[in-house]
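The values are calculated or read from the model by the stated rules, or taken from the named source; none is laboratory data. Treat the numbers as computed from the prediction; the structure is a model and nothing was measured. So basically every Cβ, Gly included, is an ideal-geometry build from the backbone, and we count neighbours across all protein chains shown.
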Amino acid sequence: MTSKAAQQKDATSSKLDKSLQVSYQSGFGNHFATEAEKDALPKGQNSPQRVPYDLYAEQLSGSSFFAARHENLRSWLYRIRPSVLHGPFQKICHPYLLGRPFQNVASPNQLRWNPLPIPEKPADFLDGLVTIAGNGDVSSVRGCAVHLYAANKNMEGRYFYNADGEMLIVPEQGALTISTECGIIQAKPGEIAVIPVGMKINIALDAGQARGYICENYGPHFRLPNLGPIGANGLANPRDFLYPVASYEEKLGDFELISKFQGNLWKATIDHSPLDVVAWHGNYAPYKYDLALFQVVNSVSFDHNDPSIFTVLTSPSELAGTANVDFAIFPPRWNVAEHTFRPPYYHRNVMSEYMGLIVGSYEAKQEGFVPGGGSLHNRMSAHGPDSATFEKAATAALSPKKMADTLAFMFESSLVFQTTEFALCGGLTQSDYLDCWQGLKGQFKKP
Ligand SMILES: [Fe+2]
């Protein structure tokens, strides 16, 4: 920090600190225009010779310039200082945060994990990140990674951006206040937040501690799935996605700017808050979504539908209908199918499935799969209801039943997940997972 900056540190104000009355604007992928100070947005052009209030104009591109119009993502940020004002980056070590490819061999074994404990030592959101699995490759911008976080302190004096992938954050315990260049988002358990590639953020913990999951998407940005015969409405409706309004920090100090770049963390000094965007417009911005607003479509006659009907967001691959990664949820709903085995059917899938649980229990497992835990069923690895669930469901009375105490999710990818060393040897693995199916008997009553 310069001496001048040090002198100014206490004298500067932070609009962010003064008020956390968070408001939003809505509509998935809309082109927004928002300003924290009256008339801060240039009118009629993006880059005037002098920007109102003498701010700097800076474009943040989330797609190639030449991408088709419906794929084109960019926002214009009007800020106190341009993003290039920081010291040189130096690579730093993080013991558990990794980028693909990993060193381990991918496994066909069905895997299940206990929850990640809240750390005993102080750890902020970045300190508390642990990579569990991943696929594809950060350098070829294909695939995704599954991370967990468990934190007990705010990110103090440091800011973070991820150059490798957008981050779909799924809180399981504790709400997050995510301050971004575009404004503030608060996300609590039952909601998700999506942070675009390159967006600078700072995360504070509303309850003093927090835990959850992250899908880091290296591939094409998340979008709403096509609805096909469902029609124009249903599943996650576009107007329920909330984007921040402009809000800025004008703050000087000895800060750090952390970048995740090609799987590694890099640190640079910065003498001001980089969350200094006074106004912005565009369609490249962070957003949140309340999973309780997902309109569930399901069978009202017989049989168990494929889980694609539960897709909230999808990152497509080059092959139509085959996702780089899908985010699907299994929320509270009515179960009414007649003459049907109602839990998920036994199956083997060419897609690979990582599952987590936010609330309650999951219909295919009586025990062992708990909130904060996870499971992985890789390409063609068999899975389905455990023995206890099968026995119960095969003989249950088929009256309409409300599945209330549940909220599970899945990151499903066409690419095979490789697990990390921590995932296999970090003490969370349930070595007896296969036992949950061993009570299933051979069943064939010969005619
Ligand atoms: Fe499955």
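In summary, V350 fulfils each of the numbered conditions (1) crowded, with 17+ Cβ neighbours inside 10 Å; (2) within 16 Å of the ligand (Cβ to nearest atom); (3) not aromatic (F, W, Y) with the single exception of condition (1). The single residue among D271, D276, D290, D326 that is under 25 Å from L77 (Cα atoms), modelled with pLDDT of 95 or more and either among the β-branched types (V, I, T) or touching a helix residue (DSSP H, G or I) at 6+ places or on another chain (Cβ under 8 Å) (or both) turns out to be D271. Scanning segment 332-347 for residues that are in a loop (DSSP other than H, G, I, E, B) and either touching a residue at least 60 places away in the same chain (Cβ under 8 Å) or away from the ligand (no atom under 16 Å from the Cβ) (or both) gives P332, V336, A337, H339, T340.
Restricting S247, S315 to those that are in contact (Cβ under 8 Å) with a residue 60 or more places away in the chain, surrounded by 18 or more Cβ atoms within 10 Å (Cβ to Cβ) and not in a loop (DSSP other than H, G, I, E, B) reduces the list to S315. Does G372 qualify as being buried (at least 17 other Cβ atoms within 10 Å of the Cβ), at positive phi and more than 16 Å from the ligand (Cβ to nearest atom)? So G372 passes the test. Take A292 and tell me if it is over 28 Å from G29 (Cβ atoms) and surrounded by fewer than 17 Cβ atoms within 10 Å (Cβ to Cβ). No; evaluated as a whole, the condition is false for this residue. The number of residues in segment 364-409 that are among the small types (G, A, S) and touching a Phe, Trp or Tyr at 6+ places or on another chain (Cβ under 9 Å) comes to 11. Going through segment 353-369 one residue at a time, which ones are within 15 Å of the ligand (Cβ to nearest atom) and more than 21 Å from Q295 (Cβ to Cβ)? Once the filter is applied, which keeps residues that are within 15 Å of the ligand (Cβ to nearest atom) and more than 21 Å from Q295 (Cβ to Cβ), segment 353-369 yields E353, Y354, M355, G356, L357, A364, K365, F369.
In this structure, does F327 turn out to be away from the ligand (no atom under 11 Å from the Cβ), under 18 Å from the mean Cα position of the chain (by Cα) and crowded, with 22+ Cβ neighbours inside 10 Å? Criteria met by F327.
Is there a residue in segment 74-86 that is modelled with pLDDT under 95 and out of contact with any Asp or Glu (no Cβ under 7 Å at 6 or more places or on another chain)? No, segment 74-86 has no match at all.
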